[in-house]
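The values are calculated or read from the model by the stated rules, or taken from the named source; none is laboratory data. This is a predicted model, so every value here is computed, not measured. For neighbour counting, all protein chains shown are included, and Cβ atoms are generated from backbone atoms with ideal geometry for every residue, glycine included.
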Amino acid sequence: MPIHDQGYRRYGGSRAESGRAWQVIARAGIQSIISKRSFISLMLFAWAPFVVRAVQIYVSANFQQAAFLAPKGETFRQFLETQDIFVFFVTIWVGAGLIANDRRANALQLYLSKPLTAAEYIAGKMAILFVFLTWAVRRYIRQGPVPKGVISLGLEYVVELIRDAIVAPNVGQKWVNTWAPLILTFFVFIFSANVIGLIPIFDSLAVLNHFVIHANHESFFGKVIHGGTTATGNYNVTAGLAVVTFFAIIVAGSKAHGFTKHVKNIVPHGLALPIYFILWPIEILGMFVKPFALTMRLAANMTGGHIALLAVMSLVFLATEMFKAALAGIVAGFVLSVPLALGILALELIVVLVQAYVFTLLSAVFIGMAIHVHH
């Protein structure tokens with residue numbers, strides 16, 4: 001019986017201690033996921049390569065005729081790389097429906113009522129995802145040095161480029177190793193989110209489901225197909241990134257000069273007292289304008305390209321409606337919509353890189369301004 005159908009009869013159990021209610025949610029969620037046969041099947045399938053490699057090592061060590069099967073360093077590297085897909089599926093499987101299922105069952109208002117707080121509820125859900133994701137990727141921690149290859153060399157080039165061309169000139173050599181990880185994280189996240197947003201992954205899955213699979217909305221596949229959008233086109237995401245930059249500016253200035261000195265550095269020194277009554281409000285407002293500008297610039301640019309694509313592709317339906325003929329829509333699509341959409345998509349490929357670069361550059365500039373005060 002669903003939890004919201006059990007009425008208001010008196011609870012006969014014991015209450016968890018204050019601040020530990022999230023453990024109840026985490027324990028129940030983990031047990032629920034582990035009890036699903038489909039999830040167990042995925043885990044067994046993920047562990048199948050371990051069994052194969054174990055048999056390979058045993059046979060090569062005990063039978064001289066199979067010595068050619070002896071594993072090498074490359075063998076283990078390839079084996080670890082093949083586990084990426086399972087990490088992806090485990091994350092999607094566990095993450096999909098963590099909160100949506102409670103909302104669908106009308107149980108959120110019950111969970112979020114006292115004595116369980118919203119923070120404890122979210123902590124419990126995050127603990128579920130953390131347990132399974134940590135369990136899936138813990139073997140990567142022991143992998144040692146990153147193996148060399150085309151992808152590794154390319155990533156190394158990007159890291160050095162951002163460190164030497166963006167971070168170092170703005171924050172200085174003394175602080176480059178302190179702030180390079182944050183700036184690199186910004187660039188990788190924004191660039192990856194922008195690129196993924198251009199690939200119609202979930203839309204393709206939705207079409208496949210409509211014509212081939214016919215999965216219901218309660219199934220795992222039915223939940224996945226509703227998740228497609230550009231993350232950086234969401235103002236909540238870009239605002240979160242901008243807030244991190246905002247606090248990074250304060251931390252950078254405080255680490256370099258001390259918090260009190262950093263606050264004093266907000267306005268120039270040696271000016272007449274009445275000038276400060278004008279400068280202080282302006283400079284404080286400027287502190288909040290910087291993250292606001294970062295938020296709006298990134299989200300607006302990523303949303304604008306998608307709106308342009310939608311407007312261009314809508315010409316097909318407009319032509320069909322105006323001329324009352326499907327042929328007119330087909331002609332409009334081939335003559336106008338498709339060429340214009342390809343052009344906009346090519347432009348968006350440039351915007352993807354430019355916006356990731358601009359956000360990271362401005363973040364580095366703002367952090368550098370807090371460290372090296374010039375008025």
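The table for this structure:
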{"item": "Criterion violated by VAL352 - all others in (1) among the hydrophobic types (A, V, I, L, M, F, W, C); (2) under 30 Å from the mean Cα position of the chain (by Cα); (3) modelled with pLDDT under 85 satisfied", "result": "(3)"}
{"item": "Test: VAL338 is in a helix (DSSP H, G or I) and crowded, with 16+ Cβ neighbours inside 10 Å", "result": "no"}
{"item": "Wholly enclosed helices (runs of 4 or more DSSP H) of the range 196-293 bearing at least 2 residues modelled with pLDDT of 85 or more and polar (S, T, N, Q)", "result": "235-257"}
{"item": "So ILE350, is it closer than 30 Å to TRP175 by Cβ and either of a type in the set (Val, Ile, Thr) or not assigned by TED's automatic domain parsing to the domain that holds VAL171 (or both)", "result": "no"}
{"item": "Test: GLU321 is among the acidic types (Asp, Glu), exposed (fewer than 12 other Cβ atoms within 10 Å of the Cβ) and free of Cβ contacts under 8 Å to residues at least 24 places away in the same chain", "result": "yes"}
{"item": "Verdict on PHE366 being touching a helix residue (DSSP H, G or I) at 6+ places or on another chain (Cβ under 7 Å) and under 26 Å from VAL171 (Cβ atoms)", "result": "yes"}
